[in-house]
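This is the structure I want to talk about, given as structure tokens.
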Amino acid sequence: MKFNSLFPRLALMSALCSTSVYAADVIKIGEVGSMTGAQATFGISTHQGIELAIKEQNAKGGIKGKKIELVSVDDQGKPEEAATATTKLITQDKVSAVLGEVASSLSLAMAPIAQQNKVPMVTPSSTNPKVTEVGDYIFRVCFIDPFQGTVMAKFAFENLKVKKVAILRDMKSDYSVGLSDFFAESFKKLGGEIVVDQSYSAGEVDFNAQITSIKAKKPEAIFVPGYYTEVGLIAKQARQQGIKVPLLGGDGWDSEKLTEIGGKHLNNGFFSNHYSQDDKSPAVQGFISAYKAQYSKVPDGLAAMGYDAAKVLFAAMEKAKTLANKDVRDELAKTKDFQAVTGKITIDDKRNASKPAVVLEVKDKKFVYKTTVNPI
Ligand code: PHE
């Protein structure tokens with residue numbers, strides 16, 4: 001019948017028309033994250049945190065009367081993909097800002113593109129100092145690794161009372177290399193000694209050779225600032241070689257997969273992070289219940305950071321004179337005492353956030369709160 005065949009086309013056309021009319025009333029935000037690959041939980045958790053923040057903002061009417069629309073791209077944990085994704089988001093989707101990445105090496109692949117196009121980029125959780133040094137459009141809402149390294153050095157020296165530490169770093173990761181150096185510097189300043197410094201490349205699965213040379217130096221703890229997939233395997237292989245000393249790490253350990261891979265071998269493991277689920281503050285507990293209602297699970301640190309990055313960006317967009325990139329950038333730079341889930345965020349003149357860190361202990365697959373360290 002004539003009508004029947006015509007009707008779907010009309011419906012489709014009007015749907016298309018209404019989309020394009022609506023488009024002007026939408027603020028597009030780009031997101032680049034590792035939704036698949038060896039760091040998939042980083043991307044997925046961050047994405048969920050961002051989605052929750054958008055849902056809340058849109059429920060309040062959006063920003064300047066416009067609804068927020070997220071355009072997400074999976075970079076599979078690869079720097080080249082992160083760069084391509086950033087170009088696509090900026091040139092094709094014409095996003096107003098970019099959120100991402102988690103891994104510093106990937107944010108470093110994105111930042112020059114955002115900077116060149118003068119599109120504000122906010123990384124939720126990349127902690128390597130070089131990321132925001134790329135330029136004045138690049139921000140982060142987390143602390144940086146010189147601080148994180150000091151936190152773990154002090155924890156090792158003062159709380160665990162160890163004096164001889166081994167390092168096992170991921171040569172492929174700017175984050176791991178930087179954090180290892182910052183840790184070593186602080187630990188030596190405190191009077192400690194780095195007895196051996198070994199390395200691997202992300203993607204490797206057999207760390208026995210490195211562990212054997214570490215074992216020979218009889219360290220009292222091993223600092224392994226990698227990402228969860230390798231750290232899980234390293235813990236297992238180290239314990240299987242009979243090493244019982246504490247394993248130490250940074251925020252890259254934060255994934256439920258860590259103990260899925262390494263199991264009980266992660267016991268006597270300690271790492272620094274951006275937030276603890278045990279924090280009883282209303283900001284943290286309110287976020288946990290909202291997140292649980294949406295995703296039926298307790299958020300990890302990445303989810304909290306994704307949420308906070310989006311919130312900080314939205315607050316800047318609300319305050320900005322217009323939604324022009326420059327105006328949003330200027331407001332981001334002025335962020336002060338923003339009460340976020342992961343603490344109060346003030347963006348400093350290097351576009352970094354100065355915030356406390358927590359130290360967590362891995363105990364029978366749980367991350368148990370040990371202490372909070374305030375910025376120096
Ligand atoms: N800080 C890490 C980096 O810069 C990323 C990360 C943050 C991983 C938080 C886990 C949790 O590469």
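The values are calculated or read from the model by the stated rules, or taken from the named source; none is laboratory data. In this text, all values refer to a predicted model and were calculated from it rather than measured experimentally. Virtual Cβ from ideal backbone geometry, glycine too; neighbours counted across all protein chains shown. These accessible areas exclude ligands, DNA and RNA; they are computed on the full protein's heavy atoms, side chains included. Shrake-Rupley method; radii C 1.70, N 1.55, O 1.52, S 1.80 Å.
Given a Förster distance of 30 angstrom, what is the FRET efficiency for LYS64 paired with THR87, based on the Cβ-Cβ distance and rounded to 0.05?
Computed FRET efficiency for LYS64 and THR87: 0.65.
Could you list the residues of region 160-181 with an amide nitrogen less than 18 Å from a label point located 7 Å from the Cα of ALA216 in the Cα-to-C-beta direction?
Output list for this probe position: 165-169.
How many nm separate the modelled label positions at LYS292 and LYS334, each set 7 Å beyond the Cα in the direction of the Cβ?
3.8 nm
Express in nm, to one decimal, how much length is gained between LYS321 and TYR369 on full extension, taking 0.36 nm for each residue of separation and deducting their alpha carbon distance.
Full extension of this stretch gives 13.1 nm more.
Sticking with this one: Considering the convex hull of the alpha carbon atoms of region 145-273, report its projected area averaged over all viewing directions, in nm², one decimal.
With every direction weighted equally, the projected area is 6.4 nm².
Using label points projected 7 Å from each Cα along Cα→Cβ, tell me how many nm separate ASP197 and SER281, to one decimal.
Simple spin-label model gives 3.5 nm for this pair.
What is the Å³ per residue value for the convex hull set by the Cα atoms of the chain?
Residue-normalised Cα hull volume stands at 148 Å³.
Quick one: with all protein chains in place, what share of the accessible area of region 145-273 is carbon or sulfur, to the nearest percent (1.4 Å probe)?
52 percent
Taking only DSSP H segments of four or more residues, each worth -39500 (n - 2.57), what value at 222 nm results for the chain once the sum is divided by all its residues, to the nearest 500 deg cm²/dmol?
Theoretical 222 nm ellipticity from helices: -14500 deg cm²/dmol.
If you don't mind, another one. Let me check against my output: what whole-number percent is the relative contact order of region 304-376, with C-alpha pairs under 8 Å and at least 6 apart?
19 percent
Related question: Give the accessible surface of the chain per residue, rounded to a whole number of Å², with probe radius 1.4 Å and ligands, DNA and RNA excluded.
Dividing the accessible area of the chain by its residue count gives 43 Å².
Given the C-alpha centroids of region 100-142 and region 332-353, what is the distance between them in whole angstrom?
Centre-to-centre (Cα) distance: 15 Å.
Could I ask something else about it? Counting other Cβ atoms within 10 Å of each Cβ, which GluC sites (Glu not before Pro) in region 276-376 have at most 16 and sit in a DSSP loop? List each step's numbers first, then the result.
Numbers: sites: GLU318, GLU331, GLU361; in loops: none.
Listed in order of number, the matching sites amount to none.
As a quick test, which of the pairs LYS88/LYS355; LYS66/LYS321; LYS88/LYS297 have an alpha carbon distance above 22 angstrom in this structure?
Violating the 22 Å limit, Cα to Cα: LYS88/LYS355; LYS88/LYS297.
Remind me, relative contact order of the chain in percent, using alpha carbon pairs under 8 angstrom and six or more residues apart?
Working: 794 pairs, mean separation 61.7, N = 376.
It comes to 16 percent, rounded to a whole number.
Moving to a separate point now. Are there any GluC sites (Glu not before Pro) in region 128-214 that are in a DSSP loop and have at most 16 other Cβ atoms within 10 Å? List them by number.
GLU204
Hey, another quick one. Ranking request for peptides 88-99, 164-175: highest mean number of other beta-carbon atoms within 10 Å first, then the rest in descending order.
164-175, 88-99
Compute the long axis of helix 40-59 from its Cα atoms, compare it with the longest principal axis of the Cα atoms of the chain, and write down the angle in degrees, 0 to 90, nearest 10.
So the inclination is approximately 40 degrees.
Students often get this wrong, so check it: of LYS28/LYS344; LYS94/LYS292; LYS78/LYS161, which have C-alpha atoms separated by over 29 Å?
Values: LYS28/LYS344 26 Å; LYS94/LYS292 32 Å; LYS78/LYS161 38 Å.
As for pairs spanning more than 29 Å Cα to Cα, those are LYS94/LYS292; LYS78/LYS161.
Same structure, new question: Could I have the simple spin-label model distance between GLN115 and THR346, label points 7 Å from Cα toward Cβ, reported in nm to one decimal?
Once both label points are built, they end up 2.6 nm from each other.
So for region 145-273, averaging the separation of alpha carbon pairs under 8 Å that are six or more residues apart and normalising by length, what relative contact order in percent results? Numbers along the way, then the final one.
On the way: 242 pairs, mean separation 32.7, N = 129.
Once normalised by length, the contact order is 25 percent.
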